[in-house]
């Protein structure tokens, strides 16, 4: 039975290529396996390849698979651009402009009746969506909670605290931080971020080898269940 939606998350990163999609896939499939209906979206995706002349946004499609959703990618992605650059540049290169009102309506409508909903951003909070709008400002308009994914490496404390500061300046509620990847100091980064950022760190998501694996999401979900505090993301009783 579909449960009433009570949690909506926007997943951001401390930068690009920090593992947002992998972590989001892991959380989505792990929660699906717990019996929750989970909605997903990648509202804006750039660097989208054309296969046989057709756009195939890999992140949006991966999230839909993780959620075991057979909807077309257009239900999860509002803007898809070919150029692997910032969304505002990718849109300009194709003669388009990302319309904030249209994007906001898309995200709100996509929530549907899921118990838990994840929207994955592009890059970090200060990535421009247009000449007048940063991604963080858009997230603030949605009212979603923020989940920050950060690479577990040297420099992550500073990068994560800057992201936390940028979120708080915009009034974005922070659900927590996920550190992505193993580290020689497995607890040091998490402890420092939790202390100085005053946020929960849900855990350290390990590097998962998905080469030659038929169901990568199953491995991701198992890692999330073992290493991340999923209870912090669960819906609360009405």
> Only one residue in 193, 185, 172 is within 29 Å of residue 126 (Cβ to Cβ), in a loop (DSSP other than H, G, I, E, B) and modelled with pLDDT of 95 or more. Which one?
Replying inline: 172
>> Filter segment 1-57 down to the residues that are under 20 Å from residue 146 (Cα atoms) and without any contact (Cβ under 8 Å) to a residue 24 or more places away in the chain and list them by number.
In response: 17
>> If I go through segment 151-164 residue by residue, how many of them are over 16 Å from the mean Cα position of the chain (by Cα), outside any helix (DSSP H, G or I) and touching a residue at least 40 places away in the same chain (Cβ under 8 Å)?
In response: 1
> Within segment 8-42, how many residues are more than 16 Å from residue 62 (Cα to Cα), assigned to a strand (DSSP E or B) and in contact with a helix residue (DSSP H, G or I) (Cβ under 6 Å, 6 or more places away or on another chain)?
Replying inline: 2
>> Which residue is surrounded by the most Cβ atoms within 10 Å (Cβ to Cβ), if the candidates are limited to segment 119-144 and must be over 12 Å from the mean Cα position of the chain (by Cα) and part of a strand (DSSP E or B)?
In response: 129
> Would you say residue 167 is part of a helix (DSSP H, G or I) and either touching a strand residue (DSSP E or B) at 6+ places or on another chain (Cβ under 6 Å) or under 10 Å from residue 14 (Cβ atoms) (or both)?
Replying inline: yes
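The values are calculated or read from the model by the stated rules, or taken from the named source; none is laboratory data. Here the structure is a predicted model, which is why all the values come from computation and not from measurement. With ideal geometry, Cβ positions are generated from the backbone for all residues, glycine too; neighbour counts draw on all protein chains shown.
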